[in-house]
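A.B. asks: This structure is in structure tokens; I'll ask about it shortly.
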Amino acid sequence: MQKNSNKSFVIHIILLFLVAASFSCEGIFQFNPNQITLKESEKNLNAKNVEQIHQRTPGDTLRFIFMGDTQRWYDESSDFIKSANAQPGVDFVVHAGDISDFGLSTEFKWINKIMQKLEVPYVTVVGNHDLVANGPIVYEQMYGPMDYAFEFGNNKFIFINTNSREYQFNGLVPNLPWLQSELRDNPDNKNAIIMAHAPPFDSDFDPKLQAKFTDMLAQDPNVRFTLYGHQHTFKDGEYYNDGVHYYVTTSMGERGYLLVTSWNDGYKVERITY
Amino acid sequence: MKNTLIACCLLVSITAQAQLSQSTAALRKWYMPDHIKFQFAGNIGFMAGGPGYISRNKTLETDLLFGFVPKMIGGDALISITAKTTYSPWRIGLKNENYVVPFSTGAYLNYTFGPQFDSKWPDYYPKGYYWWATSFRPGAYIGGKIGRNTIKRNKIKNLELYYEIGTYDLLLISYVLNPKFLKPSDILSLSLGLKIGF
């Protein structure tokens, strides 16, 4: 009798484990902070969102929001959505990186949940905080390649990983040969807008590649201005006196972003705080 | 006379048996674990298991658990080791050798193996560039358990089934700083476990 009830106790436990395992894909059961369990709707978002951007009809004037550094500022990022959705005529939003703070897939999911409340699609560029722990795997599964480009209207947008410190300044990040080929592959001379996380004048940008990078931008007549995040403060200036204007957006913690408007013979970059 | 002899023999044998079981308890080496645990989920592995010790008054358990996450389930194959201490102040006896432990609380320190996880950030980062270690994760939880004392002479003294609801440092910080967007359920997760006591 005693033996039988012991046996049934063990069977019950095994059943319970099986039941638990069967609905454990999301939420209530977590196996390791560094696990990467993404739903199909949370994968390859940049390509999916670029496709959505392409479904829009480009006007003569392009307008997009450049924001970033949402890391651990979920309440402030939620407020950003309200401010962004109130801006008229916005085609899309660009996240300048540091989506997460600790490189955890949980954080990436939270930010995606917030960003999906935008009325327009959003795309991202990778930040240094997105590259710690399993962050690189999460980023590539969730958003796609760290270097990519797309065209919309009379513009070519180029997104490049500039977080050299995360690669021990190995001389391969940012990938300058790739950038050069993307800049050259522009037969219609569209406005080339390069966006990245760490600006070239930041200490996290490989000092060996800084001059090569900025020269590459300066020598391309299609590059008028370029956009960065990372520094948690607004900045702008012609840092290298070469005709290219560098802009830095602030963090969500500082409750600000850039509103970029571009047309054929001009552009405007406004600092917005909310 | 014969009866007295038999009675005497019985008494001696019972005493001897009692002494024997006492001496086996004494012979059990100090480092032999008091129990083993198997745990499902709880941020220390898909499954984790390992030996543990319990204090004399049966309120404090300390465990060393080896955990793994298969790639199919966690998106990356992860191996970790966890030191864990649980305090359970009360035990309520029920019928048929069953009992309930209504409240437990505890903390753990988890270490996940892998070249992508750092305990000390490499020299190419300025001091304090990132303030946390990616390999070590401290966490805390509350829970409860039900148990059953098994028949004596068996090597297994008791079986317990426990649950724990917990979180870890990085999620807790995120929650504290974002009370509007994050709900407690966003940072809490459940784990289930089995303890086999010797």
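A.B. asks: Could you check how many percent of all C-alpha pairs in chain A are farther apart than 24 Å?
C.D. replies: Across chain A, Cα pairs with separations above 24 Å total 51 percent.
A.B. asks: Take the Cβ-Cβ distance between A:Arg56 and A:Lys212 as r, set R0 to 45 Å, and report the resulting FRET efficiency rounded to the nearest 0.05.
C.D. replies: After rounding to 0.05, the efficiency reads 0.80.
A.B. asks: Which far-off residues, 5 or more places away or on another chain, put their amide H under 5 Å from the one on A:Lys156, with H placed in the peptide plane?
C.D. replies: Here A:Asn191, A:Ala192, A:Ile193 satisfy the definition.
A.B. asks: Kindly rank A:27-37, A:147-157, A:55-65 from highest to lowest mean number of other beta carbons found within 10 Å of each residue.
C.D. replies: A:27-37, A:147-157, A:55-65
A.B. asks: How big is the dipole moment of segment B:46-178 about its Cα centre under a simple scheme where the beta carbon of each Lys and Arg is +1, that of each Asp and Glu is -1, and everything else is neutral? Debye, nearest 20, please. Please report the intermediate quantities before stating the final value.
C.D. replies: Working: 15 positive and 9 negative charges, 167 e Å.
Once rounded to the nearest 20, the dipole reads 800 debye.
A.B. asks: Follow-up. If you place +1 on the Cβ of every Lys and Arg, -1 on the Cβ of every Asp and Glu, and leave all else neutral, what size is the dipole of the protein assembly as shown about its Cα centre, to the nearest 20 Debye?
C.D. replies: The calculation lands at about 3740 debye.
A.B. asks: Using Cα positions and a limit of under 21 Å, work out the lysines in reach of A:Lys43, with same-chain residues fewer than 8 apart set aside.
C.D. replies: Within the straight-line limit of under 21 Å, A:Lys43 reaches these lysines: A:Lys109, A:Lys113, A:Lys117, B:Lys71.
A.B. asks: Please identify, among A:Val93, A:Val138, A:Val173, the residue showing maximal mean-square fluctuation in a Gaussian network model of chain A using a 10 angstrom Cα cutoff.
C.D. replies: Top of the fluctuation ranking is A:Val173.
A.B. asks: Can you grab the distance from the C-alpha centre of segment A:188-256 to the C-alpha centre of segment A:96-139, Å, no decimals?
C.D. replies: Their Cα centres are 21 Å away from one another.
A.B. asks: Hey, which lysines would be in cross-link range of B:Lys84, C-alpha to C-alpha under 18 Å, not counting anything within fewer than 8 residues on its own chain?
C.D. replies: B:Lys37, B:Lys58, B:Lys145, B:Lys195
A.B. asks: Here's another thing I want to ask about it. Find which of A:Tyr74, A:Phe234, A:Thr214 sits farthest along the positive direction of the dipole of chain A, computed with +1 on the beta-carbon of Lys and Arg, -1 on that of Asp and Glu, about the Cα centre.
C.D. replies: Of the candidates, A:Tyr74 comes out farthest on the positive side.
A.B. asks: Among B:Ser191, A:Gly89, A:Phe150, which residue has its Cα furthest toward the positive end of the charge dipole of the protein assembly as shown, with +1 on Lys/Arg Cβ and -1 on Asp/Glu Cβ?
C.D. replies: Working it through, the farthest residue towards the positive pole turns out to be B:Ser191.
A.B. asks: Same structure again: Using Stokes-Einstein with the Kirkwood hydrodynamic radius over Cα pairs, what translational diffusion coefficient do you get for the protein assembly as shown at 10 °C and a viscosity of 1.306 mPa s, in µm²/s rounded to a whole number?
C.D. replies: Calculated translational D: 62 µm²/s.
A.B. asks: Considering only A:Leu183, B:Phe46, A:Ala196, whose Cα is most displaced toward the positive end of the charge dipole of the protein assembly as shown, charges sitting on Cβ of Lys, Arg (+1) and Asp, Glu (-1)?
C.D. replies: My answer, from the dipole projection, is B:Phe46.
A.B. asks: Going by Cα centres, segment B:41-63 and segment B:74-132 are how many Å apart?
C.D. replies: Distance between centres, Cα-based: 10 Å.
A.B. asks: Would you mind computing Rg(Cα) / (2.2 N^0.38 Å) for segment A:190-246, counting N as its residues? Could you put the intermediate results ahead of the total?
C.D. replies: Values: Rg = 10.8 Å, N = 57, 2.2 N^0.38 = 10.2 Å.
Dividing the Cα radius of gyration by 2.2 N^0.38 Å gives 1.06.
A.B. asks: Shifting gears a bit: Relative to the longest principal axis of the C-alpha atoms of chain A, give the angle of the C-alpha long axis of helix A:207-218, reported between 0 and 90° and rounded to the nearest 10°.
C.D. replies: Long axis of A:207-218 versus the principal axis of chain A: about 50 degrees.
A.B. asks: Note down the magnitude of the dipole of segment A:38-273 about its Cα centre, charges +1 on Lys and Arg C-beta and -1 on Asp and Glu C-beta and zero elsewhere, to the nearest 20 debye. Mind showing how you got there, number by number?
C.D. replies: Details: 21 positive and 32 negative charges, 66 e Å.
The calculation lands at about 320 debye.
A.B. asks: Estimate the FRET efficiency between B:Lys155 and B:Ala107 by the formula 1/(1 + (r/R0)^6), using the beta-carbon distance for r and 41 Å for R0, to the nearest 0.05.
C.D. replies: 0.85
A.B. asks: Any lysines with Cα under 25 Å of the A:Lys208 Cα? List them, leaving off those in the same chain fewer than 8 positions away.
C.D. replies: A:Lys235, B:Lys127
Only the coordinates and a few stated rules stand behind these numbers; no lab work does. Predicted, not measured: the structure shown is a model, and the values here were computed from it. So basically every Cβ, Gly included, is an ideal-geometry build from the backbone, and we count neighbours across all protein chains shown.
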